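Reviewing the structure listed below.
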Amino acid sequence: GNNVELGGEFILQPNDHFNNLSVNLSLSVVQVPTNMYNKDSAIVNGVYWSEALNKVFVDNFERDPSLIWQYFGSAKGFFRQYPGIKWKPDEHGVIAFDCRNRKWYIQAATSPKDVVILVDVSGSMKGLRLTIARQTVSSILDTLGDDDFFNIIAYNEELHYVEPCLNGTLVQADVTNKDHFREHLDKLFAQGIGMLDLALTEAFSLLGDFNKTGRGSECSQAIMLVTDGAVDTYDSIFAKFNWPDRKVRIFPYLIGRESAFAENLKWMACANKGYFTQVSTLADVQENVMEYLHVLSRPKVIDREHDTVWTEAYIDSTLEDGQGPVLMTTVAMPVFSTKNETRNHGILLGVVGTDVPVSELLKTIPKHKLGIHGYAFAITNNGYILTHPDLRPLEILDLVNEMGISEMCIQFVTNGYGDKL
C-alpha cells in the first residue's frame, strides 16, 4: 500500500572485462518487455523484493572476477541483469526481449514434456479467430525447448496433421522443426464442423503410443487445445484415456470474446490438472500462453527440485576475446517461493542464471593426462556440441556476413564445411 522509490542515479562506465561496454558494477538493471505494463503491481512488487539481488551479484563478482552476466528472469516477465547496462529499443521503439522465451528459462522452469497441439479449423474459426489461433500456436512453440517433443493436429470433420509426413509421431522441439511447422500454419484455412472427440482420441492415442516406444521426454505430457468452443465436456474420452491417473494435462485456449462454451473448456482443464485461458485479441496471446508454464512447474516447486541446467553453446555478439565473438553457455536453476502459505501451491518465482564462456570450461580439462594427440570435447544431452577443437563458429559468421544464406549453404558444401556444420 506504500509507494517505494526504485533505483536511483545510474552511472555507466566502459569496462574492459565487458568488451568496453558501458556498465554499472554497483547496480543491476531491470528490463520489462514493451508489450507489458511496467507499472503493474505484480511487476513493481517483484522489482522491489528482487533488489536484494544487487548485493548478491556484486559479492559474486568480487569473489570471482571471471564472471560475466548474472541475471534473474521473473515469472511475471521482468528481467534483472548485472552488471547494469542501458537497453536500447529497436527501430520501432520496441524492446521485444522476454526472458521467459529463452532456452535457459524454459529448461530450468519446467520438466521435459511431450505436447500435442490441437487446432480447431472449423468454419466458425474464420477470419480474426484463425489469425489469433495461429499466433497462439506459434507462441506455444516459443515455449518449447530441445528437451521437449511435439506435433500439431488441425481438426474439423477430419484430422489434418499440419506436417503430413510426420503423422503418428512426435518430433523434437528444436529450432529447425519449430520453424518448419510455423511455415505450415499459414496453410490452415477454416471450413466445416469441429469434431473435437476425434481430435482428443487421436491426441491421447498418439501420446500413449509414443510414450511406449521409450522415446520422447518420458516425463510430463500435455494436450494444448486451441478452439473457439466445445459443445460437450467429452468426459467419456477422458475416462477411457486419462482417468484416474490424469497423466496428460489439458490446456484449453478459448479464442475470441465469446464465452458461451467457456464452462465446458474450464471443466476439461480442471478435470485433467490443466489450466483454462481465454485469448480475445492478438495482444493477449503471449502473456496468456505463458500461464501453462506455471502449472507444469508446480511438481518441481513442491518437490523442491533445484535442477541445474546447461544450454548448448551460442555466440554472444556483445563480447569479444580479441579473436571475435565469444562462445558461451548458460547455467541456470529455478527459484521457488519459500513462504509457508505458498509452499503447497508450488509457486515459481523465476529462474536465475549466469553466462559461462566455453573457454572457462576448457581451463578445467587436465591436458597433461590426455597426451600429445589427445583432446577433450563436450556435447549436451541433446547432441549439440558444447566444445570441440574443430568447432569453428567464426568461419560460419564470416560467410554469413559476406554472402546471402542460399549462397552460404552452397559454399558449405563446396568448401567441405558440411560435416562440421
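A short reminder: the numbers here are calculations on the coordinates, not readings from a lab. Because the structure is a prediction, the values reported are computed rather than measured. When we count neighbours, we look across all protein chains shown, and the Cβ atoms used for this are built from the backbone with ideal geometry, even at glycine.
A few remarks follow.
- Partners of LYS126 within straight-line reach, counting lysines whose Cα lies under 18 Å from its Cα and excluding those fewer than 8 residues away in the same chain: LYS187.
- With all projection directions averaged, the alpha carbon convex hull of segment 72-123 covers 6.7 nm².
- Other-chain or far-sequence residues with amide H under 5 Å of THR387's (modelled H): ALA378
- Ignoring lysines fewer than eight residues from LYS113 along the same chain, the ones with Cα atoms less than 17 angstrom from its Cα are LYS103, LYS178, LYS212, LYS247, LYS273, LYS300.
- Global geometry of segment 1-137, whether rounded, prolate or oblate, following the gyration tensor of its Cα atoms and the 1.5 cut on a/c: prolate
- With kT/(6 pi eta Rh) evaluated at 25 °C and eta = 0.890 mPa s, and Rh the Kirkwood radius from Cα pairs, segment 138-201 diffuses with a coefficient of 195 µm²/s according to Stokes-Einstein.
- In the set (1) 23.4, 73; (2) 21.7, 72; (3) 24.1, 93, the label that goes with Rg and Dmax of the Cα atoms in Å computed for this structure is (1).
- The lysines whose alpha-carbon is closer than 22 Å to the alpha-carbon of LYS39, local same-chain residues fewer than 8 away aside, are LYS76, LYS86, LYS88.
- Acute angle (nearest 10 degrees) that the helix 393-402 long axis makes with the longest principal axis of the chain, alpha-carbon atoms: 80 degrees
- Under 5 Å, built H, 5+ apart or other chain: amide partners of TRP243: none
- Between amide H atoms placed 1.01 Å from N, distances below 5 Å from LEU27 occur with GLY84, all of them 5 or more places distant or on a separate chain.
- Segment 29-68 shape via C-alpha gyration tensor axes, a/c threshold 1.5: oblate
- Rounded to the nearest Hz, the phi-derived 3J(HN,Hα) couplings of segment 168-180 under the Karplus curve 6.51 cos²θ - 1.76 cosθ + 1.60 (θ = phi - 60°) are x, 8, 10, 10, 5, 8, 8, 4, 4, 5, 5, 5, 4, where x marks glycine and proline.
- Helix-only CD estimate at 222 nm, as mean residue ellipticity for the chain, using -39500 (n - 2.57) per DSSP H run (n ≥ 4): -9000 deg cm²/dmol
- The charge dipole of the chain, taken about its Cα centre with unit charges on the Cβ of Lys, Arg, Asp and Glu (plus for the first two, minus for the last two), comes to roughly 1000 debye.
- Peptides 19-26, 201-208, ordered by how many other C-beta atoms sit within 10 Å of their residues on average, highest first, read 201-208, 19-26.
- Where labels lie 7 Å past Cα in the beta-carbon direction, separation of ASP186 and ILE11 in nm: 5.2 nm
- Relative contact order [Cα under 8 Å, 6+ residues apart], the chain, whole percent: 15 percent
- Using alpha-carbon coordinates, inclination of helix 196-212 to the longest axis of the chain, degrees: 50 degrees
- Along the axis of the charge dipole computed for segment 209-320 (Cβ charges of +1 for Lys and Arg, -1 for Asp and Glu, origin at the Cα centre), the listed residues HIS294, ALA269, VAL309 are led at the positive end by ALA269.
- Cα gyration tensor category, rounded, prolate or oblate, for segment 39-99 with a/c compared to 1.5: oblate
- Between 0 and 90°, nearest 10: helix 405-414 axis offset from the chain longest Cα axis: 70 degrees
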